[in-house]
1. Using the Karplus curve 6.51 cos²θ - 1.76 cosθ + 1.60 with θ = phi - 60°, what ³J(HN,Hα) values do you get for each residue of the stretch 125-131, in whole Hz, with x for Gly and Pro?
2. When Rg is the radius of gyration of the Cα atoms in the stretch 34-101 and Rh is its Kirkwood radius, what does Rg/Rh come to?
3. Taking the Cα centre of the stretch 68-209 as origin, work out the dipole magnitude from +1 charges on Lys and Arg Cβ and -1 charges on Asp and Glu Cβ, in debye rounded to 20.
4. Restricted to Cα positions, what overall size does the stretch 13-58 have along the principal axes? Three whole-Å values, descending.
5. Please list 67-77, 31-41 highest first by mean number of surrounding beta-carbon atoms within 10 Å per residue.
Amino acid sequence: MNLTAPSSAFATPQRQRERDILASVRGIFAEKGFDGASMQDIARATGMSAGNFYRYFPSKAALIEALIAAHMSEVDAQFAVVVAAPQPMVALRAALRARIASEGLACDDAPIWAEINAAALRKPEIAALVDRVEHDVARYLTQAMALSLGIDPDKSAAQFEAQARLLVLLVKGHAMQQRTHGSVMPSLTALVQRMVDGILDEIEATVLPHGHTSGAGGPAVPTSDRPLEKTEVQA
């Protein structure tokens with residue numbers, strides 16, 4: 001099965017100067033917040049004049065888009081590892097567990113993502129960027145599921161998009177706990193990990209060897225032993 005990464009509308013920053021600027025921007029946004037940091041503050045933090053800074057990033061929205069692009073390039077790399085693994089579902093589980101565990105300990109990007117998500121509630125252009133991220137990550141997940149289960153990627157997207165979106169929400173919500181409280185209760189981290197494993201278990205149970213079906217919320221039943229439906233009895 002030939003899978004490709006979802007085509008992203010985000011352009012990854014290429015120039016070293018842009019990467020240096022973004023490293024400084026993370027700190028100023030985390031310190032002052034998206035609304036509290038002016039473009040002058042940001043330019044000053046990078047050691048540039050406001051006029052020169054605008055040549056790289058004309059607005060805070062452009063900065064956010066560049067930060068998201070850098071994040072998505074990391075997701076691309078993680079997705080490549082998952083799909084290249086002998087057992088993609090095992091690799092996917094491991095990647096999600098590692099992500100949850102690292103955020104529970106303290107994720108360096110948690111403050112900036114908290115600011116981005118807060119800004120998305122007030123600014124439609126930021127909300128659109130965040131929605132694109134969640135859509136792309138969910139698409140990565142359904143493609144990994146397709147590869148692991150041996151089904152068509154479009155079928156996987158149609159069948160498992162809700163589960164993929166829920167996985168995104170769980171990981172994202174767990175990360176926000178670290179930002180809000182400074183740390184995450186180990187018991188909460190363990191619970192989130194169990195929920196993630198449960199969702200993936202459910203997905204795997206829906207695609208079984210020929211001759212078996214999986215009922216919603218029930219165990220797999222061999223088709224030869226399942227109870228007959230009313231229409232079958234009447235026939």
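1. Per-residue couplings from phi come out as 5, 6, 4, 5, 5, 5, 5 Hz.
2. Working: Rg = 18.0 Å, Rh = 14.6 Å.
Reported Rg/Rh (Cα atoms, Kirkwood Rh): 1.24.
3. On the way: 12 positive and 17 negative charges, 54 e Å.
Result for the stretch 68-209 is approximately 260 debye, rounded to the nearest 20.
4. Projected onto its principal axes, the Cα set of the stretch 13-58 covers 26, 19, 16 Å.
5. Values: 67-77: 16.9, 31-41: 14.8.
Top to bottom by mean Cβ count within 10 Å: 67-77, 31-41.
None of the figures in this text is laboratory data; all of them are computed from the coordinates on show. Model, not experiment: these values are computed from the prediction. As a convention, Cβ positions derive from the backbone with ideal geometry for all residues, glycine included, and neighbour counts pool all protein chains shown.
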